[in-house]
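Peer 1: Just dropping this structure here.
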Amino acid sequence: MSLLSVSGVSKRFGGIVANRGISFDVEPGELVGIIGPNGAGKSTLFEVITGFYRPDEGEVRLDGARLTGLSPDVVCRRGIARTFQKLRPFQGLTVLDNVMVGALTRTTDVRHARERARELVGKVGLAEKAEAHARTLSTGQRKRLELARGLATEPRVLLLDEVTGGVDQRTIPELVRLVRSLHAGGLTLLVIEHNMRVITAVAQRIVALHLGEVIADGPPDQVTRDRRVVEAYLGLAYVP
Amino acid sequence: MKAVAPATVVFLCAGLAPLVVRDAFLLDSLVLVLIWGSAAAAWNVAGGYAGQISLGHSAFFGIGAYAAALIVTRWELSPWLGLAVGALVATAIGLVVGYLSNRLRGPYFVLATIAFSQVLLIVGSRWRGFTAGSEGIPVPFRPGFWTLGIADKRVWVWIALALAVLAYLVQRYLDRSRRGYQLVAVREDEDAALSLGVPARWLKVAAICVSAALTAACGALWAQYIGFVDPFYVFSVDLSVKFALAAIIGGLGTALGPFLGAALITTVETYLRAQFGGLGTGLIGIYLIVYGCALIVMVRWVPHGLVGWIGEGLRRRAAPAAR
Ligand SMILES: Nc1ncnc2c1ncn2[C@@H]1O[C@H](COP(=O)(O)OP(=O)(O)O)[C@@H](O)[C@H]1O
Ligand SMILES: [Mg+2]
């Protein structure tokens, strides 16, 4: 059975159809990329999966159990963590405390949560910043922080909204390495990413959205060659 | 442990003061500082830790004051029972208010709390058959601990101190417990907290309930201490502002802050009363002006309150010495 299954999800905002009958499955251990032009409905889909938005139609299941209708905190406890496209660290808290909030979802023991948080802060390469306030971090560091925070909730599926968006070019390889190592460790990931080089390098499968609809779903080399994807998103100039 | 030491000193001093101080005025001030400090600490649980800024907390204070006064005057039972009933009623109302206002954020939540306290003011001042209406309730003095008819102000210092320590310990629990971390996360960013599995909605309600119960306890003791319950005072916006301001001046989300803030505010109020007491009702206006100015000054120049300011000063002093 698929680990995460999205079936027939539609979401409208007034006249705008942000998601239209979106269906796809994610298998355990898979890293699935989501691409599409701005406004294609990628972030909206994440909001629907994580329970922040209720879809007008369709449903989302995790390991066969229905997630749709549950509140976001329950969805997280069921095993879905996410990062936000517009990053939202707890600005006034230290890096360590930020991650502890995630860890405390899985343990009631504060000391244990702190140890776990320290481990994860190290894992994402923020050990030196552990005691720094989140508001002092660079964008790249904030992305790592959100990653560590999400990981601390011990997700079965991790959703990343624009891993490299807005990040200094030089730090992209590190972020990519980090995502890869998480995947290699057995984590299932669903990743929105604009940088085609990045997504084709890390994803086993890519789902392309356009105007709220799935226009392609398959291995990276196949999707990047798809006529509709090239027209809608990549442009003729793109050479894989 | 670092944060506990100053509080131990402060509360120890307050507890020992009655053994040394004989002056009735000073003891009276100390009782009031401890009661207002406890109320500010109670407010801080919702406003400081959970970020649920309320300007309607006088509602809970008034519920406690009325519960104690009514139980004594109508049923001739112990005001301690009144305190318990007041705390229970406030919890129940906190539950309803917290639930109803759960999705309101920022100024909408603040407005809802003000409106709520004003509804209670109307009930308290108009329901003549039950609350004695706008005349208020004089609380009869029946000597004894069980009846809280205590003339000795030193005993009142210790009673108020017990309340203060309780309120302080509730905050310390939030400083170090799982629920406290989660509550602070909700304050910082509710959606981010939700995305990490924090049950934000019910945590906010729980914080409001605890805050309401403690505030009601303050109101109950205050009514017995002062001996009179006036609806226009106990349900006033002024009082709500005072709780909030004491916590903000002392340091939002810090355990000792509200007590420091209350000490400062009570001192200033006492001074103003001595200076402008002859103005009668005009005094209310002066308080509000002073509160308003204090708020502007704090937000602009001392954003982390007295606790943050003093802590900063100590750190600056300690830093060169350490080298
Ligand atoms: N909360 C909202 N209210 C109204 N419209 C929205 C909202 N969120 C997204 N949209 C609209 O839905 C469409 C899809 O947006 P989004 O999911 O953010 O796209 P993407 O992440 O693919 O760039 C856009 O047209 C956007 O303007
Ligand atoms: Mg987006």
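Bear in mind these aren't lab numbers, they're just calculated from the coordinates by the rules spelled out. Here the structure is a predicted model, which means the values were calculated and not measured. Positions of Cβ are generated from backbone atoms using ideal geometry, with glycine treated the same way; all protein chains shown enter the neighbour counts.
Peer 1: Run the helix sum for the protein assembly as shown: -39,500 (n - 2.57) per DSSP H stretch of 4+ residues, divided by residue count, reported at 222 nm to the nearest 500 deg cm²/dmol.
Peer 2: Values: 23 runs with 324 residues, N = 563.
Value at 222 nm, helices only, nearest 500: -18500 deg cm²/dmol.
Peer 1: Then there is this: For the protein assembly as shown, state the semi-axes of the equivalent ellipsoid (square roots of 5 times the eigenvalues of the alpha-carbon gyration tensor), sorted largest first and rounded to whole angstrom.
Peer 2: Working: eigenvalues 594, 133, 74 Å².
Those come to 54, 26, 19 Å.
Peer 1: For the range B:106-185, what is the charge dipole size about the Cα centre, in debye to the nearest 20, if Lys and Arg each add +1 at the Cβ and Asp and Glu each add -1 at the Cβ?
Peer 2: Values: 9 positive and 3 negative charges, 43 e Å.
I would put it at about 200 debye.
Peer 1: Let me ask you something else. From the C-alpha coordinates alone, can you work out the Kirkwood hydrodynamic radius of the range B:30-102, in Å?
Peer 2: On the way: mean 1/r = 0.0761 Å⁻¹.
Answer for the range B:30-102: a Kirkwood hydrodynamic radius of 13.1 Å.
Peer 1: If amide H atoms are built 1.01 Å from N in the plane of the peptide, which residues on other chains or at least 5 residues away come under 5 Å of the amide H of A:Ser10?
Peer 2: Here the answer is A:Gly21, A:Ile22, A:Asp56, A:Glu57, A:Gly58, since their amide H atoms fall under 5 Å of that of A:Ser10.
Peer 1: Note the full-extension length gain between A:His112 and A:His133 as 0.36 nm times their separation in residues minus their Cα-Cα distance, in nm to one decimal. All intermediate terms of the calculation are to be shown ahead of the outcome.
Peer 2: Numbers: separation 21, 0.36 × 21 = 7.56 nm, distance 2.12 nm.
Going from the current span to full extension adds 5.4 nm.
Peer 1: A further question on this structure: Determine ³J(HN,Hα), in whole Hz, for all residues of the range A:112-122 in sequence, where each value follows from phi through the Karplus function 6.51 cos²θ - 1.76 cosθ + 1.60 and θ = phi - 60°; x replaces Gly and Pro.
Peer 2: Using θ = phi - 60°, the values come out as 4, 4, 5, 4, 4, 4, 4, 4, 5, 4, x Hz.
Peer 1: Can you tell me what percent of all Cα-Cα pairs in the range A:151-240 are more than 22 Å apart?
Peer 2: On the way: 1234 of 4005 pairs.
Pairs farther apart than 22 Å: 31 percent.
Peer 1: For chain B, modelled as a GNM with alpha-carbon contacts under 10 angstrom, which of B:Asp28, B:Asp189, B:Asp230 fluctuates the most?
Peer 2: The residue with the greatest mean-square fluctuation here is B:Asp189.
Peer 1: I've got another one for you. Need one value for B:177-190: mean number of C-beta atoms belonging to other chains within 10 Å of its residues' C-beta atoms.
Peer 2: Values: counts 3, 10, 2, 2, 10, 5, 0, 5, 9, 2, 3, 10, 8, 2.
Counting other chains' Cβ atoms within 10 Å and averaging over B:177-190 gives 5.
Peer 1: Next question. Can you pull out the GluC sites (Glu not before Pro) in the range A:55-141 that DSSP calls coil and that have at most 11 other Cβ atoms within 10 Å?
Peer 2: On the way: sites: A:Glu57, A:Glu59, A:Glu115, A:Glu119, A:Glu128, A:Glu131; in loops: A:Glu131.
Those that pass, being in a loop and sparsely packed, are A:Glu131.
Peer 1: Taking H placed 1.01 Å from N in the peptide plane, check which residues at least 5 places from A:Thr68 or on another chain put their amide H under 5 Å from its amide H.
Peer 2: Amide H neighbours of A:Thr68, under 5 Å, 5+ apart: A:Val60.
Peer 1: Just round it to a whole percent: the fraction of Cα-Cα distances in chain A exceeding 31 Å.
Peer 2: Working: 5936 of 28680 pairs.
In whole percent, the share of Cα-Cα pairs in chain A beyond 31 Å is 21.
Peer 1: If you average the C-alpha positions of the range A:135-171 and of the range A:44-94 separately, how far apart do those two centres end up, in angstrom?
Peer 2: Distance between centres, Cα-based: 16 Å.
Peer 1: Where both residues lie in chain A, what percent of DSSP beta bridges are antiparallel, nearest 5? All intermediate terms of the calculation are to be shown ahead of the outcome.
Peer 2: On the way: 20 of 36 bridges.
Approximately 55 percent, going by the DSSP bridge assignments.
Peer 1: Further, regarding this structure: Run the numbers for B:Val119 and B:Leu77: contour at 0.36 nm per residue of separation, minus the present Cα-Cα distance, in nm. Can you show the working numbers first?
Peer 2: Working: separation 42, 0.36 × 42 = 15.12 nm, distance 2.74 nm.
Taking 0.36 nm per residue and subtracting the Cα distance, the gain is 12.4 nm.
Peer 1: Between B:Ser134 and B:Asp175, 0.36 nm times their residue separation minus their Cα-Cα distance comes to what? Don't skip to the answer; put the middle values down first.
Peer 2: Working: separation 41, 0.36 × 41 = 14.76 nm, distance 4.10 nm.
Between B:Ser134 and B:Asp175, full extension yields 10.7 nm more.
Peer 1: So how strong a dipole does the range B:4-236 carry about its Cα centre when Lys and Arg Cβ are +1 and Asp and Glu Cβ are -1, to the nearest 20 debye? Intermediate results must be reported in sequence, preceding the final value.
Peer 2: Working: 16 positive and 11 negative charges, 64 e Å.
Dipole size: approximately 300 debye.
Peer 1: Mind checking which of B:Ala192, B:Ile122, B:Leu81 is farthest towards the positive end of the range B:4-236's charge dipole, using Cβ charges of +1 (Lys, Arg) and -1 (Asp, Glu) about the Cα centre?
Peer 2: It is B:Ala192, whose Cα lies furthest towards the positive end.
Peer 1: Whose amide H sits under 5 Å from the amide H of A:Ile206, counting only residues 5 or more places off or on another chain, with H placed in the peptide plane?
Peer 2: A:Gly33, A:Gly218
Peer 1: Could you point to the residue in B:Phe276, B:Val165, B:Tyr49 farthest towards the positive end of the protein assembly as shown's charge dipole, with +1 and -1 charges on the Cβ of Lys/Arg and Asp/Glu respectively?
Peer 2: Highest projection toward the positive end goes to B:Val165.
Peer 1: May I ask which of B:Lys153/B:Lys242; A:Lys11/B:Lys204; A:Lys11/A:Lys129; A:Lys11/A:Lys123; A:Lys143/B:Lys242; A:Lys86/B:Lys242 have a Cα-Cα span longer than 32 Å here?
Peer 2: Values: B:Lys153/B:Lys242 24 Å; A:Lys11/B:Lys204 29 Å; A:Lys11/A:Lys129 39 Å; A:Lys11/A:Lys123 36 Å; A:Lys143/B:Lys242 41 Å; A:Lys86/B:Lys242 37 Å.
Among B:Lys153/B:Lys242; A:Lys11/B:Lys204; A:Lys11/A:Lys129; A:Lys11/A:Lys123; A:Lys143/B:Lys242; A:Lys86/B:Lys242, the Cα-Cα distance tops 32 Å for A:Lys11/A:Lys129; A:Lys11/A:Lys123; A:Lys143/B:Lys242; A:Lys86/B:Lys242.
Peer 1: While we're on this one: What do you get when you divide the Cα radius of gyration of the range B:4-236 by 2.2 N^0.38 Å, with N the number of residues? Don't skip to the end; give the middle numbers.
Peer 2: Values: Rg = 18.2 Å, N = 233, 2.2 N^0.38 = 17.5 Å.
Rounded to two decimals, the normalised Rg is 1.04.
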